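Each remark here refers to the structure printed beneath this line.
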Amino acid sequence: MFDLNAVIQTVSIAALPVLFAITLHEAAHAYVARYFGDPTAEQMGRISLNPLRHIDPVGTILIPAMILLLSGAKFMFGYAKPVPVNFGRLRHPKQDMFWVALAGPAANLFMALCWALLYRIAVWELPPNAFTSPLTRMSEIGVMINCVLCVLNLLPLPPLDGGRIVVSLLPRQLAWQFARIEPWGFVILLALLFIPIHDASILSAIIEPPAIALKDLIFSLVRP
């Protein structure tokens, strides 16, 4: 049965983890791109930990809220404004593309570990009070959303980070041919998101098993 109050509570608690998961992912791309020689994001004011600089009204707010509502708070998907990266300005474009692309999922993995540590503090270190229950739930969501985004962005589909990683690893001719998928990448992703298979979408069926396995591994690292 659909419980609107439960979904609204979940959206309220999930807002902060989702906001930082999406925006810090993009900030990581910007920092690493600058490190390897591309100042494009810096010149456009996008090297920042300020979430307001990365929020996309549709991808960061509307779409995640709608998917949470439609899935009964069981699934989350969203995106921030992509950080502008001019791969031609990197010192070694093909090799450095690997690290720029990997920075986003790595940031999500790091945030998942941070939220797991906060979960440990809320559950085992602090005495029970009015704040520990919502903090525990927020931490759980923080771990899960970052695991989902980490796995999602590693899918080998341009323009996702996994697609760019594949491009950086393939021989030049194959990389060029594979990169031609990019204009259709977002359309393919939306199709995977909305085409059902059994009781879920194709995208959630692909992402959920590795994301849950990663979540379980991270929680196992912080348990006493």
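Rundown of residues vs (1) touching a residue at least 40 places away in the same chain (Cβ under 8 Å); (2) under 16 Å from the mean Cα position of the chain (by Cα); (3) closer than 25 Å to PRO17 by Cβ, yes/no style:
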{"residue": "PHE131", "(1), (2), (3)": "no, no, yes"}
{"residue": "PRO134", "(1), (2), (3)": "yes, no, yes"}
{"residue": "GLU182", "(1), (2), (3)": "no, no, no"}
{"residue": "LEU189", "(1), (2), (3)": "no, yes, yes"}
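Considered as a group, the residues in the range 122-139 that are of a type in the set (A, V, I, L, M, F, W, C) and within 23 Å of ILE8 (Cβ to Cβ) include one that is surrounded by the fewest Cβ atoms within 10 Å (Cβ to Cβ), and that residue is ALA130.
Condition check ((1) at pLDDT 90 or above; (2) under 28 Å from MET144 (Cβ atoms); (3) not hydroxyl-bearing (Ser, Thr, Tyr)) across all residues:
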| residue | (1), (2), (3) |
| --- | --- |
| VAL167 | yes, no, yes |
| GLN173 | yes, no, yes |
| ILE181 | yes, no, yes |
| PHE186 | no, yes, yes |
| ALA191 | no, yes, yes |
| PHE194 | no, yes, yes |
| HIS198 | no, yes, yes |
| ILE212 | yes, yes, yes |
| LEU221 | yes, yes, yes |
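Selection within the range 16-56: residues that are among the charged types (D, E, K, R) and either touching a strand residue (DSSP E or B) at 6+ places or on another chain (Cβ under 7 Å) or not in a loop (DSSP other than H, G, I, E, B) (or both). The member of this set that is farthest from LEU109 (Cα to Cα) is GLU42. On the stretch given as the range 140-199, residues that are over 20 Å from ALA27 (Cα atoms), acidic (Asp, Glu) and surrounded by 15 or more Cβ atoms within 10 Å (Cβ to Cβ) total 2.
The set of residues in the range 73-103 being surrounded by 14 or more Cβ atoms within 10 Å (Cβ to Cβ), of a type in the set (Gly, Ala, Ser) and either more than 21 Å from the chain's Cα centre (by Cα) or modelled with pLDDT of 85 or more (or both) consists of ALA101, ALA103. Checked against (1) touching a His at 6+ places or on another chain (Cβ under 7 Å); (2) modelled with pLDDT of 95 or more, LEU149 passes all but a single condition, namely (2).
The values are calculated or read from the model by the stated rules, or taken from the named source; none is laboratory data. Because the structure is predicted, anything quoted here is derived from the model rather than measured. Because the Cβ atoms are built from the backbone with ideal geometry, glycine has one as well, and the counts that use them run over all protein chains shown.
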